[in-house]
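Here's the structure, in structure tokens; my notes come after.
Just so you know, all these numbers are worked out from the coordinates, no wet-lab data involved. Source: prediction; values computed, not measured. So basically every Cβ, Gly included, is an ideal-geometry build from the backbone, and we count neighbours across all protein chains shown.
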Amino acid sequence: MSSPESVVAGAVPASGRPRLARHVRLTFDPSRERHVLLRPECVVVLNRTGADILDLCDGSRTVAGIVTELRGRYARVAEADVQRFLAGLVDRRCVVIDPEATDE
Amino acid sequence: MSKPFGLLAELTYRCPLACPYCSNPLDLAGYRDELDTAEWLRVLDEARDLGVLQCHLSGGEPLLRRDLVELVRHATGLGLYTNLVTSAVGFSRRRAEELHEAGLDHVQISIQADEPGASDRIAGTPSFARKIQAARIVKELGWPLTVNVVLHRQNIDGLADIVGLAEELRADRVELANTQYYGWALRNRAALLPTAEQLDRAEEVVQAAAARLAGRMDVVYVLPDYYERYPKPCMGGWGARQLTVAPNGDALPCPAAQTLPLPRANVRENSLEWIWAESPLFGRFRGTDWMPEPCRSCDRRETDFGGCRCQAFQLTGDAARTDPVCHLSPDHGIVEDLVRAANSEARPRVEALVPRPHRAGPS
């Protein structure tokens, strides 16, 4: 299958506020003992860190804020790794990045 | 062994449409003894236990099943992501509201062409207006909408208008899939296979639409594999990610696999777990050990899994050969001949198509 899906691939700025795309569901799959993302034609199986990142993607926290919170839980958290993980999910239409609010 | 992600639940092969590219089997009479509600509920339970996360309710026309709402409610209750694949005939507002209340996650509506005349002609019944109405109801109720169009020689030239129609309907995804040649489509292949020139134009339309609609509508385009260098990774590998249950309870690694000369597996006789893990059918082409050359030593053996077993069987008579679509296949000449014929000056653009019947006749 050829699909021009990469055209909206975007960088994920530290100031961006990620959230799940509409109609995407984050759920726990007991048979795999993993969290998964579900959308119409796609299943993404997450590891524990991935699930933790997405749990914080509520549309109000920034990527930088998420990294700060993760540093309270994990020994080493590279902002670039979190950005790369989220960019992959943006590519797969599972995550949307809202720009930083400017009117504050 | 991996666990399956998706179940294609073919609830019935009855259909109000008569599309000549239908992938349902020619032998529709063999599927009249449909699983009843209790059997489907058990299949859904077993599928979930097996690891299935997505349930595609398809057919035929799934809305012809009176128990559809009950099946959807059960599937969503199990945590399955449910997708209705429909012609939209029978998708009344009331039925839609019931399905919505039952938790249906996503609706995929087929459209046969960009305008009513051609769409109704290909569908074999007046249905275009109802599809448009149904698409509006889908959006009103807040569902994500996929508009699905099977492309072929007789509608692909209207691709730009098809995309425009999907846009007007506020579809979240438009799936522009060239015909895959199984079932009735195989029977009608000569009249359906587009020319290279048609495909070049379609490719341009798709590229432009994808760029223009980026972020608003997913544009998914599936090439006709006869024109590809490598075969499609059919079903993500035999018995690896997906399974199909046909209306009569036959469980299949691929919806076209009922044509293969292999032992059957049926949910009326065995559990889905046994079928997935133990049955000779699902084990037959799992992994890479079954592969002949040139697949066996090919770098792509874990990428396309030797292509489609059903296509290999249809074109060569041997399901264990390399898919002849692959340019490395010793049988690739078969596909080249078909493509050459499709591009011959002598081949008319519009030829008569054999419609699939709405239901099985007396057998």
message: Within 10 Å of each candidate Cβ there may be at most 11 other Cβ atoms; applying that plus a DSSP loop requirement, which GluC sites (Glu not before Pro) in the stretch B:1-42 survive?
response: none
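Please arrange B:C22, A:C42 by counting, for each residue, the other beta carbons lying within 10 Å of its beta carbon, fewest first. Walk me through the intermediate numbers first.
Values: B:C22 25, A:C42 14.
Exposure proxy ranking, most exposed first: A:C42, B:C22.
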- line: Quick note, the stretch A:17-97: a/c under 1.5 would make it rounded; otherwise a/b > b/c is prolate and the rest oblate (a ≥ b ≥ c, C-alpha gyration tensor); here it is oblate
message: Using the Kirkwood formula on the Cα atoms of the protein assembly as shown, what hydrodynamic radius do you get, in angstrom to one decimal?
response: 23.4 Å
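Taking neighbour Cβ counts within 10 Å as the exposure measure, how do B:T82, B:T195, B:T303, B:T288 sort from fewest upward?
Numbers: B:T82 24, B:T195 17, B:T303 11, B:T288 14.
Ascending Cβ contact count within 10 Å gives the list B:T303, B:T288, B:T195, B:T82.
Multiply the residue separation of B:D67 and B:R286 by 0.36 nm, subtract the distance between their alpha-carbon atoms, and state the gained length in nm to one decimal. Before the final figure, lay out the partial values.
Details: separation 219, 0.36 × 219 = 78.84 nm, distance 3.40 nm.
Result for the pair: 75.4 nm of gain on full extension.
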statement: In debye to the nearest 20, the charge dipole size for the protein assembly as shown, taken about the Cα centre with +1 at each Lys and Arg Cβ and -1 at each Asp and Glu Cβ, equals 380 debye
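May I ask you to work out the translational diffusion coefficient for the stretch B:82-166 at 10 °C, viscosity 1.306 mPa s, via Stokes-Einstein with Rh from the Kirkwood sum over Cα pairs, reported in whole µm²/s?
On the way: Rh = 13.1 Å.
Answer, rounded: 121 µm²/s.
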query: Distance in nm between label sites at B:A190 and A:C42, each 7 Å beyond Cα in the beta-carbon direction?
result: 4.2 nm
message: Suppose we flag trypsin sites (Lys or Arg not before Pro) only when DSSP calls them loop and at most 13 other Cβ atoms lie within 10 Å. Which is the longest uninterrupted stretch of chain B?
response: B:67-215
task: At 7 Å along the Cα-to-beta-carbon direction for both B:D299 and A:D91, put a label point, then send me their distance in nm to one decimal.
output: 1.9 nm
query: Ratio of chain B's C-alpha Rg to 2.2 N^0.38 Å, to two decimals?
result: 0.96
message: Could you derive backbone 3J(HN,Hα) for the stretch B:338-350 from the dihedral phi with the Karplus parameters 6.51, -1.76 and 1.60 (θ = phi - 60°), listing whole Hz in sequence and x where the residue is Gly or Pro?
response: 5, 5, 4, 5, 5, 9, 5, 4, 6, 7, x, 6, 10
query: Which chymotrypsin sites (Phe, Trp or Tyr not before Pro) does the stretch B:221-323 hold that lie in a coil by DSSP with at most 13 other beta carbons within 10 Å?
result: none
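So if I place +1 on the C-beta of Lys and Arg and -1 on the C-beta of Asp and Glu, and nothing else carries charge, what would the dipole magnitude of the stretch A:17-94 be about its Cα centre? I want it in debye, nearest 20. Write down the numbers at each step before the final one.
Working: 15 positive and 10 negative charges, 23 e Å.
Computed charge dipole of the stretch A:17-94: roughly 100 debye.
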